[in-house]
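Report on the following structure.
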Amino acid sequence: MKTKENILLNIKDLHVWYRVYGGYLKVLNGVHLMVREGERVGLVGEAGCGKTTTMKSILQILPPGDFYIPRGQIFYKGQDVLKMSFEELQRLRSREIAMIFQDPTAALNPVFTIGNQIGDVIKYSATFEENVHKEKIKTQSIKALKEVYLPDPERMCINYPFQLSGGMRQRVCIAMAISSPRNLILADEPGTSLDVTIQAQIHRLLNELVEKRNTAIILITHSLGVAREMTDRIYVMYAGTIVETATPEILFKNPVHPYTKGLLASVPKISGGGITKGIPGKLPSYLNPPSGCRFRLRCKHEKPICSEKLPKLSEIEKDHSVACYLSER
């Protein structure tokens, strides 16, 4: 585990709202998240809970004019991203942080070849002092495609996205993220479009990045098994709020928040034992979210205080924090 002096990213009390016809969708509701240098962090939770919005907030690539951040801070290397100038944000995106998007079809430009798109990433990530020649760009592009196990990378460079399968496009997006040195990679379900064998190879590659380049990774995943094997710490998110965070060993051995327990109980068991019950109910409406704890409407342990105010994320033991009144001693 890294020390506090090695904090790379620190998100504090982040709120993100989306403007819609009926008002505001209050999606993120006070997110706290921290990543150290060279650390692998997992972010888990059901679809629609705000994981991708959190990642896009870090790079400030949310739909322009359609979002509002009423409160919060995002510190990267001690500098608040929300106060950065356009030039500083461009430098952050091109040289410091890369993102692997969940939908490769939307992430790739259909009118440019794969080689052109990877080449642009390499070119714009270079500093002004570096001489990036066309031959060097081509060599780095081919190397990146090889690292994600794409066949015949030289031919792949002259192909367009529509000529590739979904899994190949996903690997191209991963190649773009690792084609130049980065301090942090935001991986939004990087194995979604891949078969199990290639997915395992990609996960191994991401682990190698941490070990060889000291690159930190935030891995968004719906698979608790992947989070357990791939990460040093796991954040559990529900309806725009971090409800529990711990190391994989602690989280799987001693889950405290009712939502975390429900997620773990929903995992199908190889040994059988019937169909899992899941978690009753559904995510609340972000247009008119419930007061207090947003999980209380689905929680069988609800107390009167749960509707009065949002519980704070508090440490209950070393490397284990929970936002729930049940954990208060």
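The values are calculated or read from the model by the stated rules, or taken from the named source; none is laboratory data. What you see is a predicted model; the values in this text were computed from it and never measured. Ideal geometry is used to build each Cβ from the backbone, glycine not excepted, and the neighbour counts take in all protein chains shown.
Here are the numbers:
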read-out: Filter result for Val148 (in contact with a Pro (Cβ under 9 Å, 6 or more places away or on another chain), closer than 29 Å to Leu9 by Cβ, among the β-branched types (Val, Ile, Thr) and touching a residue at least 24 places away in the same chain (Cβ under 8 Å)); value: no
read-out: Matching option when the condition is modelled with pLDDT under 95 and β-branched (Val, Ile, Thr), among Ile270, Ile234, Ile250, Ile218; value: Ile270
read-out: Flag if Leu59 is farther than 21 Å from Ser285 by Cα and either touching a strand residue (DSSP E or B) at 6+ places or on another chain (Cβ under 6 Å) or touching a residue at least 24 places away in the same chain (Cβ under 8 Å) (or both); value: yes
read-out: Complete set of residues in region 35-79 that are out of contact with any helix residue (DSSP H, G or I) (no Cβ under 9 Å at 6 or more places or on another chain) and assigned to a helix (DSSP H, G or I); value: Lys51, Thr52, Thr53, Thr54, Met55, Lys56
read-out: Matching option when the condition is surrounded by 16 or more Cβ atoms within 10 Å (Cβ to Cβ), aliphatic (A, V, I, L, M) and more than 24 Å from Ile100 (Cβ to Cβ), among Ala239, Ala265, Ala227, Ala216; value: Ala239
read-out: Condition met for Arg228 (in contact with a helix residue (DSSP H, G or I) (Cβ under 7 Å, 6 or more places away or on another chain) and part of a helix (DSSP H, G or I)); value: yes
read-out: Some residue of region 309-327 being without any contact (Cβ under 8 Å) to a residue 60 or more places away in the chain, among the hydrophobic types (A, V, I, L, M, F, W, C), surrounded by 14 or more Cβ atoms within 10 Å (Cβ to Cβ) and not in a loop (DSSP other than H, G, I, E, B); value: no
read-out: Meets criteria (touching a residue at least 12 places away in the same chain (Cβ under 8 Å), touching a strand residue (DSSP E or B) at 6+ places or on another chain (Cβ under 9 Å) and surrounded by fewer than 15 Cβ atoms within 10 Å (Cβ to Cβ)) for Asp80; value: no
read-out: So Ala239, is it in contact with a His (Cβ under 6 Å, 6 or more places away or on another chain) and farther than 24 Å from Leu194 by Cα; value: no
read-out: Region 96-155 - residue that is modelled with pLDDT of 90 or more, of a type in the set (Asp, Glu) and farther than 15 Å from Pro181 by Cα and, of those, surrounded by the fewest Cβ atoms within 10 Å (Cβ to Cβ); value: Asp152
read-out: Glu244 being modelled with pLDDT of 95 or more and of a type outside the set (Lys, Arg); value: yes
read-out: Gln73 vs. criteria modelled with pLDDT of 95 or more and surrounded by fewer than 20 Cβ atoms within 10 Å (Cβ to Cβ); value: yes
read-out: Among residues of region 186-198, those that are closer than 15 Å to Val148 by Cα and at pLDDT 85 or above, counted; value: 2
